[in-house]
Amino acid sequence: MQIEIDNGSGFCFGVTTAIKKAEEELAGGKTLYCLGDIVHNGMECERLRRMGLVTINHDDLRRLHNAKVLLRAHGEPPETYELARRNNIEIIDATCPVVLQLQRRIKRQFDANPDAQIVIFGKNGHAEVLGLVGQTESKAIVIEAFDDVVKLDFNRDIYLYSQTTKSLDEFHRIIDYIQGHISPSATFRSFDTICRQVANRMPNVSAFAARHDLILFVCGHKSSNGKVLFNECLRVNPNSHLVEGPGEIDPRWLQGVDTVGICGATSTPKWLMEQCRDALVKGCDMKTITNINDQ
């Protein structure tokens with residue numbers, strides 16, 4: 001049996017930067033708080049917790065004073081920065097540059113035309129989306145899927161943006177629908193704000209899934225882009241399984257399998273994919289295993 005870890009999987013730039021900043025701060029031995037899970041992967045969060053990172057929520061932040069808080073890659077609305085200022089909290093800002101640029105674009109558009117419909121294709125309640133909606137005094141309209149587009153008023157101006165980790169194909173379906181229904185008297189503009197580090201993984205993970213008998217997609221259950229990428233694996237290869245770690249691997253999946261591909265989300269650490277590979281090696285006859293990545 002051959003095992004291959006996808007070289008294109010693993011942390012994106014934004015997540016890598018946030019974790020590096022956390023590790024640098026924790027190396028000094030001082031207490032560091034993180035507003036929300038630093039990454040949507042429970043095992044990586046646990047590793048950093050053991051290093052001293054304390055995860056808090058927004059209610060905790062309101063009670064916190066004179067402390068140091070890291071903002072993760074997803075970004076935060078303006079209210080969070082104002083609260084930190086009032087409570088004398090030092091912010092370590094690890095907002096992904098792609099997300100930060102998107103926040104600024106939405107704020108500029110809202111300031112220029114506050115009566116227009118600013119529409120965000122994204123997941124309601126997701127940390128990144130909350131930060132984007134916060135740029136519009138919470139007036140932006142969030143649509144989670146293509147079917148939600150009917151809630152828009154096609155007689156009013158529409159400016160469409162996307163959460164950075166959403167599906168590019170579905171975003172274009174939404175654009176086509178709005179273009180076909182927008183009133184001639186209204187303005188419609190769309191802005192492709194999907195991160196290419198995520199979007200470009202779709203064709204790569206599709207090709208990867210196609211060349212293996214079994215796919216183990218390693219991903220935290222909270223990861224939005226993980227769900228998108230796993231569904232692409234499943235579309236190409238029905239013998240694909242989502243696992244959060246090696247403990248969720250079912251040995252029965254390996255029956256009759258000659259090649260196993262291990263891949264993951266932008267929130268999946270390489271060390272976790274390697275642990276899944278090692279679990280496969282340990283559970284099989286060592287002489288029958290070839291780790292393609294070492295060849």
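The values are calculated or read from the model by the stated rules, or taken from the named source; none is laboratory data. All figures in this text were calculated on a predicted structure; none of them were measured in a lab. For neighbour counting, all protein chains shown are included, and Cβ atoms are generated from backbone atoms with ideal geometry for every residue, glycine included. Just the protein is used for accessible areas: all its heavy atoms, side chains included, with ligands, DNA and RNA removed. Shrake-Rupley method; radii C 1.70, N 1.55, O 1.52, S 1.80 Å.
Report relative contact order for the chain in percent, whole number only (criteria: Cα-Cα under 8 Å, sequence separation at least 6).
23
Pick from S190, S224, S267: which is most flexible by mean-square fluctuation in a GNM of the chain where alpha carbon atoms under 10 Å apart are linked?
S190
Calculate what fraction, in whole %, of the accessible area of region 17-115 sits on carbon and sulfur atoms when a 1.4 Å probe is rolled over the protein chains.
47
So with the 1.4 Å probe, I'd like the accessible area per residue for region 83-213, rounded to whole Å².
Value returned for region 83-213: 48 Å² of accessible area per residue.
Percent of accessible area on region 214-289 owned by carbon and sulfur, 1.4 Å probe?
Heavy-atom surface of region 214-289 belonging to carbon and sulfur, 1.4 Å probe: 53 percent.
For region 125-213, give the percent of accessible area contributed by carbon and sulfur heavy atoms, probe 1.4 Å, rounded to a whole number.
Its accessible area is 45 percent carbon and sulfur atoms.
Taking a label point 7 Å from the Cα of R196 along the Cα→Cβ vector, which residues of region 63-101 have an amide N closer than 20 Å to it?
So the set is 96-101.
What residue among T31, T136, T95 has the largest mean-square fluctuation in a Gaussian network model of the chain, using Cα springs under 10 Å?
Comparing T31, T136, T95 in the GNM, the peak value goes to T31.
Holding the Cα-Cα limit at 25 Å, pick out from K21/K107; K222/K270; K30/K227; K107/K227 the pairs that are longer than that.
Flagged as over cut-off: K21/K107; K30/K227; K107/K227.
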